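Working notes for the structure below.
Only the coordinates and a few stated rules stand behind these numbers; no lab work does. Keep in mind that what you see is a predicted model, and the values were worked out from it rather than measured. So basically every Cβ, Gly included, is an ideal-geometry build from the backbone, and we count neighbours across all protein chains shown.
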Amino acid sequence: MIPFQYRQHALFAEDLALEEIAARFGTPTYVYSRRAIVDAFGEFRRAAGARNVRVCYALKANSNLAVIDLLAREGAGFDIVSGGELQRVLAVGGAPSRIVFSGVGKSEAEMRMALEAGVRCFNVESESELLRLDRVAGALGRRAPVSLRVNPDVDAGTHPYISTGLRENKFGIAHDAALAAYRTAARLPNLEVQGIDCHIGSQITAIEPFLAALDKLLELVDALHAEGIALRHLDLGGGLGIRYDDEQPPSRQALFAAIFDRLDRHPRGGSYELVFEFGRSIVGNAGVLLTRVEYLKRNGEHRFAIVDAAMNDLMRPALYDAWHAVLPVRQRDDMAAQHYDIVGPVCESGDWLARGRRLALAEGDLLAIASAGAYCMAMASNYNTRARAAEVIVDGRDAHLVREREALASLFALERPLPR
């Protein structure tokens, strides 16, 4: 579905005008479409068909409790990278048996928390982590289920900050060191080897990198089989891209069909459960950031639209030079369009949301920054002591406040001045 569309020059989220949401909840506000989230996850489920596939939602994309709960109801598993994300899944009644715990720097406290909860699997990223997890599990009288994250040295063709599968990246165990790491895992008494994992990056817009990584995993699968180390699942990570501008990512159906075809050619490819860890492709295009123009300003020939959202609300442009579409909430035909940089109030020259956008604007107008469902609120901060925005989920004509706007006093409620 297309969750955000114009009707008589007004932009709607599902069946509710964004102007109504701004009037009710203020700005800046993140607005998500329930139907778009459910439909995006459903596309993965339909693409899997009758295959033994578990799609785990990557919480780092958007960890709002309502989003997690919604996907849990749809049957999703969950990919987490911290103890905090584990607690979020548990808070909405998510099943620990559907959780895979990824992340390169798990603490002992996080390991204990996950073992006590009964997570499905730890995606382990170093031999040191294997030794620590074995020790923690032994102290608890548990056996920790593990999958080793292998770094296949595959170029995902994405931004270097979100590439995770190259040798120079911090993630995973090098492909040529993985067999030795599996031997270590197999002999440690408090670990149970269950699978193999890789994740090569985010915002991937071609099928070939996924297949290249799979081929590297299957090489190791064969070597492990020869040594009698049995695996139950292959975790191929996530990273499927979305359309921000003119990208043409593959469909879920095309991606899965290519992976299934490659596995069907392998002698044991059909015997493994497949696990995926998608985030952005489930929630990215399901959200916008609703913001209001505070001032229009001109410096020489350069025009700025200063809005009430800022880089603390939408970090991706400053961090990745990322492109987000900017949509007027009400289309104007009473003035000429001009080229504007859309900037915020934060005291940084890097505080920009979009550059050189041709828009017809007046002070007080509302704008929707598109594709803000992933890595926007999740990366938001309180820089300049700015309260983080509210979050709303639209369901048809109904709008549900799923996170209140922060009160300014709450931003320093845990701080204390020195004694006088």
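Values as computed for the structure displayed
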| read-out | value |
| --- | --- |
| Longest to shortest principal axis, alpha-carbon extents of region 95-278, angstrom | 52, 35, 33 |
| Exposure proxy order (Cβ contacts within 10 Å, fewest to most) of LYS60, LYS297 | LYS297, LYS60 |
| Modelled FRET efficiency - R0 41 Å, GLU127 with ASP398, Cβ distances, 0.05 increments | 0.20 |
| In order through region 404-417: 3J(HN,Hα) via Karplus (6.51 cos²θ - 1.76 cosθ + 1.60), integer Hz, x for Gly, Pro | 6, 4, 5, 7, 4, 4, 5, 6, 10, 5, 8, 9, 9, x |
| For region 95-278, share of DSSP beta bridges that run antiparallel, in % to the nearest 5 | 5 |
| Net charge of Cβ neighbours under 10 Å - reference GLY237; Lys, Arg +1; Asp, Glu -1 | -3 |
| Sequence-separation-based contact order of region 228-324, relative, with Cα cut under 8 Å and 6+ spacing, percent | 29 |
| Total formal charge among the other residues, if their Cβ is under 13 angstrom from that of ASN64, Lys/Arg +1 and Asp/Glu -1 | +1 |
| Average Cα contact separation per residue, the chain, under 8 Å, 6 or more apart, as relative contact order % | 19 |
| Normalised contact order of region 168-259, rounded percent, pairs of Cα under 8 Å and 6 or more residues apart | 36 |
| Centre separation in Å (Cα based) which lies between region 73-95 and region 275-321 | 27 |
| Spin-label pair GLN248/GLU415, simplified geometry with 7 Å Cα→Cβ offset, distance in nm | 5.1 |
| Using θ = phi - 60° and Karplus 6.51 cos²θ - 1.76 cosθ + 1.60, couplings along region 314-329 (whole Hz; Gly, Pro as x) | 9, 7, 4, x, 5, 7, 10, 6, 6, 9, 10, 5, 10, 10, x, 5 |
| Test item: Cα-centred dipole of region 95-278, Lys/Arg +1 and Asp/Glu -1 on Cβ, debye | 700 |
| Formal net charge of residues neighbouring GLY270 (Cβ-Cβ distance under 14 Å; K, R +1; D, E -1) | +2 |
| For region 370-420 and region 170-195, distance of Cα centres in Å | 40 |
| Cα gyration tensor category, rounded, prolate or oblate, for region 343-410 with a/c compared to 1.5 | oblate |
| Long-range HN-HN contacts of PHE122 with modeled amide H, under 5 Å | PHE101, VAL146, SER147 |
| Efficiency of FRET between ALA407 and ARG183 - r from beta-carbon atoms, R0 51 angstrom, step 0.05 | 0.40 |
